[in-house]
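For reference, the structure is listed below as structure tokens.
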Amino acid sequence: MSGPMIGIIGGTGFGRIADLLAVQSVELETEYGWPSAAVVIGQIDQASVAFLARHGSPHRIAPHRVNYRANIAVLKALGVTEVIAINAVGGIADWAGPGAIALPTQLIDYTHGRLSSFSDVGDRAVEHIDFSEPFSEPLRQRLLAAAVSAGLAVHDGGVIAVTQGPRLETRAEVARLRRDGNDLVGMTSMTEAALAREAGLGYASIAVSANAAAGCGGSEIITMHEIEQTLEEAMQRVLRLVRECLRHHSPGIS
């Protein structure tokens, strides 16, 4: 494999990529501990890919328990230069109904107590990163171009509220998130995006609406069965999007 490697972090509903060829599984401890799972390295249409299951394999690690520092550190150590993150989210905006896919541009952090910086280790100097634009615009634009090429409906933009989890939000909380200007609500993208920025990695999110957030339509009670059914179909479209991006727009691939 040649050229820069792109990392893919899969979340709920996207725990593996069956399309990976020349697979090698790498278990590597970092100075921040062990990542969520072994990193699976391979190729998709000649693009070098490193895949990591955010919540472990099988899915077992709650969002607030993920060792985000180790996950980003291991991808960087393996030569990853950019990260495509797949994030299952709840839809707040009218356009973000179940199954909708978005490439967000902004986030608002509502988490607490997470280890979201490499700067708090030992005597390492504190780094105040610029986080005005939390997602990599060049990578986001390549994903948008890939969506057009693949004929996939993808929403350009949006604001993700990042909550603590693992519970879903109350109706009152979602009403507040809407007032704050959020379109989507998830539990993972802030921590990853901030650490990726510190590590010098480009980071973009493919946000997949698994359900309407509380009070935003749909069922009175949000069930995991409904979420799983929605994600099963939507993740097939996400895989098409990722493959199209890697085929035509991946760094190092002409």
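The values are calculated or read from the model by the stated rules, or taken from the named source; none is laboratory data. Given the structure is predicted, the values throughout are model-derived calculations rather than measurements. So basically every Cβ, Gly included, is an ideal-geometry build from the backbone, and we count neighbours across all protein chains shown. What goes into the accessible areas is simple: the full protein's heavy atoms, side chains included, and nothing from ligands, DNA or RNA. Shrake-Rupley method; radii C 1.70, N 1.55, O 1.52, S 1.80 Å.
If the condition is being β-branched (V, I, T) and not in a helix (DSSP H, G or I), then the stretch 163-183 contributes T163, T170.
Here V242 clears all of (1) at pLDDT 95 or above; (2) among the aliphatic types (A, V, I, L, M); (3) under 30 Å from F118 (Cβ atoms) except the condition numbered (1).
Table: residues versus (1) under 24 Å from N211 (Cβ atoms); (2) modelled with pLDDT of 95 or more.
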{"residue": "E31", "(1), (2)": "no, no"}
{"residue": "W34", "(1), (2)": "no, yes"}
{"residue": "V40", "(1), (2)": "no, no"}
{"residue": "Q43", "(1), (2)": "no, no"}
{"residue": "S57", "(1), (2)": "yes, no"}
{"residue": "R60", "(1), (2)": "yes, no"}
{"residue": "A70", "(1), (2)": "no, yes"}
{"residue": "A85", "(1), (2)": "yes, yes"}
{"residue": "G90", "(1), (2)": "yes, no"}
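So which residues in the stretch 30-40 are in contact with a Leu (Cβ under 7 Å, 6 or more places away or on another chain) and open to solvent by 10 Å² or more (accessible area, probe 1.4 Å), if there are any at all? Scanning the stretch 30-40 gives P35, A37, V40.
In the stretch 162-172, of all residues being under 18 Å from the mean Cα position of the chain (by Cα) and modelled with pLDDT of 95 or more, the one that is least open to solvent (accessible area, probe 1.4 Å) corresponds to V162. The residues in the stretch 165-184 that are basic (K, R), farther than 21 Å from H155 by Cβ and touching a residue at least 40 places away in the same chain (Cβ under 8 Å) can be counted, and the count is 1.
The requirement of being open to solvent by 20 Å² or more (accessible area, probe 1.4 Å), modelled with pLDDT of 95 or more and within 17 Å of A102 (Cα to Cα) is satisfied by V159.
Restricting the stretch 4-29 to residues that are crowded, with 21+ Cβ neighbours inside 10 Å, part of a strand (DSSP E or B) and of a type in the set (G, A, S) leaves a set whose member that is modelled with the lowest pLDDT is G10.
Yes or no, residue by residue, for (1) closer than 19 Å to I108 by Cβ; (2) modelled with pLDDT of 95 or more; (3) open to solvent by less than 50 Å² (accessible area, probe 1.4 Å):
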{"position": "V174", "(1), (2), (3)": "yes, yes, yes"}
{"position": "T191", "(1), (2), (3)": "yes, yes, yes"}
{"position": "G200", "(1), (2), (3)": "no, yes, no"}
{"position": "E220", "(1), (2), (3)": "no, no, no"}
{"position": "E228", "(1), (2), (3)": "no, no, no"}
{"position": "M235", "(1), (2), (3)": "no, no, yes"}
